[in-house]
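The structure appears right after this line, and notes come after that.
The values are calculated or read from the model by the stated rules, or taken from the named source; none is laboratory data. These numbers come from a predicted model, not from an experiment. Counting neighbours? That spans all protein chains shown, and the Cβs are built from the backbone with ideal geometry, glycine included. Only protein heavy atoms, including side chains, enter the accessible area calculation; ligands, DNA and RNA are left aside. Shrake-Rupley method; radii C 1.70, N 1.55, O 1.52, S 1.80 Å.
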Amino acid sequence: ANIYAKHVVVAGEVIGNIEAIKGLHILKTGKVYGNISGAHLLIEEGGIYKGKVNMDVISAKNSYEGELELKR
């Protein structure tokens, strides 16, 4: 599944892309297999990540909050 959110904390397994506007935190028990984009990335020792990282341009669409774009 793809995830679009402000803050994302992964303690289990995610197979899919993650767009975390404010940041992504992968705990020591977390596993992420997919591309990620966001403002901050923190991977604890023991956490697993496989994919590409894009920290340049972030845009997210959320039906509840409307559209948000951050550009650096």
Query raised in the report: So which residues in segment 21-34 are of a type outside the set (Phe, Trp, Tyr) and either open to solvent by 70 Å² or more (accessible area, probe 1.4 Å) or not in a loop (DSSP other than H, G, I, E, B) (or both), if there are any at all?
Result: Ile21, Lys22, Gly23, Leu24, His25, Ile26, Lys28, Thr29, Lys31, Val32
**Report entry** Among residues of segment 5-20, those that are farther than 14 Å from Gly51 by Cβ and open to solvent by 80 Å² or more (accessible area, probe 1.4 Å), counted
**Finding:** 3
